[in-house]
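Report on the structure given below.
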Amino acid sequence: MELVERRERAMGPSYHLFYDKPAHLVRGEGIWLWDADGRKYLDCYNNVASVGHCHPDVVAALAVQTATLNTHTRYLHENVIELSEKIASKLPGDLSVCLFVCTGTEANDLATRIARTVTGGDGMMVSEYSYHGNSTLVHTLSTADSDDRPDWLSLFEAPCRYRPAFKGDDLLEGYVDSVRDAIGDLKRKSHAPAAIMIDSIFDCPGTIEAPKGYFKQVYKSVRDAGGLVIADEVQAGYCRTGNHWWGFEHDGVVPDIVTLGKPMGAGHPLAAVVTTPDIAARFAAEFEYFNTFGGNPVSAAVGKAVIDVIDGESLLENVTRVGAYTKAGLQELQNQYDIIGDVRGRGLFLSVELVKDRAVKTPDPETARQMANLMKDEGVLLSTHGRYKNILKIRPPMVFSKENADQLLATLDACFRKL
Ligand SMILES: Cc1ncc(COP(=O)(O)O)c(C=O)c1O
């Protein structure tokens with residue numbers, strides 16, 4: 001408790017901690033975390049430790065480079081070039097130019113500036129209850145947190161099937177129309193669309209798998225209106241959703257700009273904006289770009305090591321296989337417990353939505369919170385999220401195995417039984 005009080009004095013009340021009894025973590029290895037009392041936890045939550053906590057290859061790459069040289073991108077260095085080339089090799093189409101930053105927020109901020117520069121418009125579109133980051137600009141684009149609705153911003157509904165925003169059978173058409181309405185709204189307010197910023201797994205609204213064809217139609221509508229597509233892959237990218245490296249690939253689309261962050265540095269602050277040579281050249285015609293820490297030799301060494309581990313340990317295949325196995329296990333639990341209204345998500349990005357009543361789908365945030373605490377007491381870390389805070393969020397490091405999934409499922413079963 002003393003640490004909690006010291007922390008609040010030192011850091012102020014803006015910061016929040018998970019769990020009624022906060023976890024004091026002191027060590028991590030692979031899928032495991034240990035607290036200060038030596039208790040071991042199965043980590044089912046931390047996507048930033050993408051290749052597992054303290055992966056030895058990532059630690060070694062960081063240690064060697066930090067003992068050799070760390071400067072910035074105004075000097076020649078192989079690491080940042082090689083990292084750019086590796087990222088480009090994973091992306092479809094013409095997405096081959098990387099601009100480095102340190103956080104997802106910065107990536108989305110820069111992506112917005114690029115889109116506005118290149119299109120000449122300033123209109124932006126994001127989903128209801130979105131989260132894209134915390135700078136002044138990107139906070140406004142994060143409609144879950146901000147009530148600021150300037151004229152240059154229009155909102156559309158995330159394509160949720162469990163809680164449809166529209167009546168009628170054709171949800172796909174309804175949700176695409178919602179984007180078309182946002183475009184119309186911007187034009188009515190005399191703001192030409194610069195871009196839509198879209199998270200392909202819609203994490204903040206509660207992990208939503210868009211219906212097939214949704215992104216194809218959305219991308220086309222935005223481009224027909226003169227705007228660009230910014231795919232915020234800060235969460236959905238880097239193999240997280242299985243089958244593909246990127247979330248948008250589930251619909252076979254290619255964005256104009258992609259933003260990356262969280263998993264890229266496996267805990268090291270590394271993020272990027274990736275775009276086409278044409279867009280990069282048009283931005284460069286207006287602005288020079290420099291970022292003191294973004295793309296430095298140490299960060300780039302870490303970024304390269306992360307991609308090498310993903311490839312070397314076949315983590316994309318692991319996410320696809322173990323993700324499907326875990327989701328099937330969660331669906332079995334749904335058959336047993338009425339409190340589980342919906343199970344959704346892709347790969348190792350899964351959500352379990354808890355409701356008081358399946359028929360009317362009344363959200364049950366109190367039980368979700370209780371479950372997160374119970375699971376922690378049983379040695380499994382997960383969290384709650386969503387518009388109603390009634391969703392258990394499962395998003396482990398990508399080294400998550402079938403045995404780990406069995407432990408998660410058995411512990412969930414035991415905790416649901418205790419309710
Ligand atoms: C989809 C998405 N985009 C952007 C961000 C912002 O990233 P950062 O916290 O690194 O600034 C987040 C963070 O949670 C996110 O979930």
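The values are calculated or read from the model by the stated rules, or taken from the named source; none is laboratory data. Quantities reported herein were computed from a predicted structural model and do not represent experimental measurements. FYI the Cβ positions are ideal-geometry reconstructions off the backbone, even for glycines, and counts take in every protein chain you see.
I'd like the full set of residues that are surrounded by fewer than 22 Cβ atoms within 10 Å (Cβ to Cβ) and without any contact (Cβ under 8 Å) to a residue 60 or more places away in the chain, limited to the range 344-363.
Val355, Lys356, Asp357, Arg358, Ala359, Val360, Thr362, Pro363
Inspect all residues belonging to the range 336-343 and state whether any of them is part of a helix (DSSP H, G or I), within 22 Å of Ser383 (Cα to Cα) and out of contact with any helix residue (DSSP H, G or I) (no Cβ under 7 Å at 6 or more places or on another chain).
Scanning the range 336-343, I find at least one residue that is part of a helix (DSSP H, G or I), within 22 Å of Ser383 (Cα to Cα) and out of contact with any helix residue (DSSP H, G or I) (no Cβ under 7 Å at 6 or more places or on another chain), so the answer is yes.
Which of the following residues is within 15 Å of the ligand (Cβ to nearest atom) and either small (Gly, Ala, Ser) or modelled with pLDDT under 95 (or both): Ser84, Ser89, Ser96, Ser142?
None of the others qualify; the one that does is Ser142.
Inspect all residues belonging to the range 311-320 and state whether any of them is touching a residue at least 40 places away in the same chain (Cβ under 8 Å), of a type in the set (A, V, I, L, M, F, W, C) and touching a Leu at 6+ places or on another chain (Cβ under 6 Å).
Among the residues of the range 311-320, at least one is touching a residue at least 40 places away in the same chain (Cβ under 8 Å), of a type in the set (A, V, I, L, M, F, W, C) and touching a Leu at 6+ places or on another chain (Cβ under 6 Å), which makes the answer yes.
When you go through Arg149, Arg113, Arg163 one by one, which is the residue that is assigned to a helix (DSSP H, G or I) and either free of Cβ contacts under 8 Å to residues at least 60 places away in the same chain or away from the ligand (no atom under 14 Å from the Cβ) (or both)?
The conditions single out Arg113.
Report the residue count in the range 166-178 for those that are buried (at least 19 other Cβ atoms within 10 Å of the Cβ) and touching a residue at least 24 places away in the same chain (Cβ under 8 Å).
Count: 2.
Just one of the numbered conditions (1) touching a strand residue (DSSP E or B) at 6+ places or on another chain (Cβ under 7 Å); (2) under 20 Å from Pro22 (Cβ atoms); (3) not basic (Lys, Arg) is not true of Gln407; which one?
The single condition Gln407 does not satisfy is (2).
Criterion first (within 16 Å of the ligand (Cβ to nearest atom) and in a loop (DSSP other than H, G, I, E, B)) does Ser190 satisfy it?
The answer is no for Ser190.
Give Ala165, Ala158, Ala225 a once-over and let me know the one that is of a type outside the set (D, E, K, R) and modelled with pLDDT under 95.
Going through Ala165, Ala158, Ala225 in turn, just one is of a type outside the set (D, E, K, R) and modelled with pLDDT under 95: Ala165.
Among the residues of the range 181-191, which ones are buried (at least 17 other Cβ atoms within 10 Å of the Cβ) and farther than 18 Å from Pro255 by Cβ?
Residues satisfying the conditions are Asp185, Leu186, His191.
Pick from the range 118-136 the residues that are outside any loop (DSSP other than H, G, I, E, B) and out of contact with any helix residue (DSSP H, G or I) (no Cβ under 7 Å at 6 or more places or on another chain): which of them is farthest from the ligand (Cβ to nearest atom)?
Going through the qualifying residues, I end up with Thr119.
Within the range 197-215, can one find any residue that is over 25 Å from Val343 (Cβ atoms) and either at pLDDT below 95 or more than 16 Å from the ligand (Cβ to nearest atom) (or both)?
no
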